[in-house]
Amino acid sequence: MHHVKLFFQEIGVLGFWGRLLGWSRIKQLLVDAHTEWQLLLENRDQHQHQLEICKRELSQTQMLFQSSERRVNDLQRDKEVIDVQMNELREKLRERDKEIVELKKTQEVRYQEHQQSMQTLQEFKQEVMDERRREREEKQAQALAHLERQRETWHRHETATSERIKSICQKHTIQYLDTVPFKGDPDNTVLICDEYIVFDAKSPAGDDLTNFPIYLKGQAEKAIKYSKQENVKKDVFFVVPSNTIEHLEQFVYPHADHTVYIIAADAIEPVLLSLQKIEEYEFAEELTPDQRANICRVIGRFAHLAKRRIQVDNFFATQTIELAYACEHYLPEDILEQVKAYERAEKLNPPMEKRTKNIPVADIEKETAKVQREAEGRGVIIDPKGLSDNLGGLPLHKE
């Protein structure tokens, strides 16, 4: 622009300066002005081009601004929605915090209750375990006590057998010998019809009864030391405890010179009475075949009755024990305590045996008939014949 102004100024004074400078100078100025003009035009075109670019950028910027403005508006609306949601979430969070606090309190209470329940359960479990342990100990103690009583019974079997035989001999006026005139030392000896009859008491040495039959077999062979003596009866009787009968299979051991009979303690009296029956005859050779058969029949019936009585008593004893165990295990605790109280208060007194008092068979028949009438009056069926037939059908000996 400065050159243009100079150009016009120079043209205005051209007439003045033309004469001074000459036309060459004017021509040079015009060339410079034209060049300057071209530069100005080029600058103008560049500026216009830049202007167009700026306009396009401005338009794009305006469009971006409008888009950004719309986005800002949208974001503003979203922000308002989010603010509302945030407020709702804050409210819900406060409610959840309250619920969490309440749940923590409830959980603490439940935890305490659970701990108490667990402690109670542990105490109950320990109590049950202690109770089971006590029951096992009581059962073991009962079993040991029973075994100890059994051992004591077996240990006292010899003394008890001697006392029983003495009592029976005194009751039925049978001669009992404390000392024998023959070689040997039997446990018990009675004199019937001028014959010495040996009753030896035999009992198990230990708890295991499997070897008891072998022991009896060996002792039966050694019993010949009695039978080979003069005036000693060839029949020797071994008296064993009643609770060992069920473990025996053989009750008679026949040998060439003697025979050994295994009898229970309860069968002593019937056997002695059967042997005493022979004493009614002065000489055994005077007996008729019928009399001998009758004597053998009576002795056989006594032996069978004693064994069958042992079999039946053992059955009822087993059932009674099972019933007693069932009462202890299946009755409620309160009822069981009352039952035990009544049991401790109860007292059973069986009739006492008096040696000087005779027991007539007629009195026993009267008492039996009375009991039978009372049972029938209470609706219990008493059928002696049917009972005898059914009981007789049960096996007593092993084939």
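Here are the numbers for this structure:
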| item | result |
| --- | --- |
| Net length gained if the chain between N87 and I53 were fully extended (0.36 nm per residue, minus Cα distance) | 7.4 nm |
| Neighbour net charge for H34 - beta-carbon separation under 13 angstrom, K R +1, D E -1 | -2 |
| Separation of the V109 and N390 label points, Cα + 7 Å toward Cβ, nm | 6.6 |
| Additional length obtainable on full extension of the chain from F65 to A143, 0.36 nm per residue less Cα span | 17.6 nm |
| Cut-off 13 Å between beta-carbons: net charge of the residues surrounding R77, Lys and Arg +1, Asp and Glu -1 | -2 |
| Sites Q122 and N314, calculated FRET efficiency, Cβ-Cβ separation with R0 51 Å, nearest 0.05 | 0.65 |
| Student exercise, the range 29-180 dipole from Lys, Arg, Asp, Glu Cβ charges, in Debye to nearest 20 | 1560 |
| Charge-dipole axis of the range 156-344 as Lys and Arg at +1 and Asp and Glu at -1 on Cβ define it, positive-most pick from L331, T159, A317 | T159 |
| Using distinct alpha-carbon pairs, which all enter the 1/r mean, Kirkwood radius of the range 156-344 in Å | 18.8 |
| Length gained when the stretch R133-K234 is fully extended (0.36 nm per residue, less Cα-Cα span) | 30.8 nm |
| Integer Hz, Karplus 6.51/-1.76/1.60 couplings in order for the range 166-179, x for Gly and Pro | 4, 5, 5, 5, 5, 5, 10, 6, 10, 6, 10, 9, 6, 10 |
| Amide hydrogen neighbours beyond the local backbone of I192, cut-off 5 Å, H modeled | I197 |
| Calculated FRET efficiency for the pair A324/E374, C-beta based, R₀ 30 Å, to 0.05 | 0.75 |
| Neighbourhood charge, 12 Å Cβ-Cβ cut-off, centred on L216 and excluding it, Lys, Arg +1 and Asp, Glu -1 | 0 |
| In order through the range 332-337: 3J(HN,Hα) via Karplus (6.51 cos²θ - 1.76 cosθ + 1.60), integer Hz, x for Gly, Pro | x, 4, 5, 5, 4, 5 |
| E346-D178 pseudo-label distance in nm [points 7 Å out on the Cα-to-Cβ vector] | 4.3 |
| Packing-based ranking, highest mean first, of 93-101, 193-201, 242-250 given that Cβ atoms within 10 Å are counted | 193-201, 242-250, 93-101 |
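Here, each number is a calculation from the coordinates, and none is a lab measurement. Given the structure is predicted, the values throughout are model-derived calculations rather than measurements. Neighbour counts run over all protein chains shown; Cβ positions are idealised from the backbone, glycine included.
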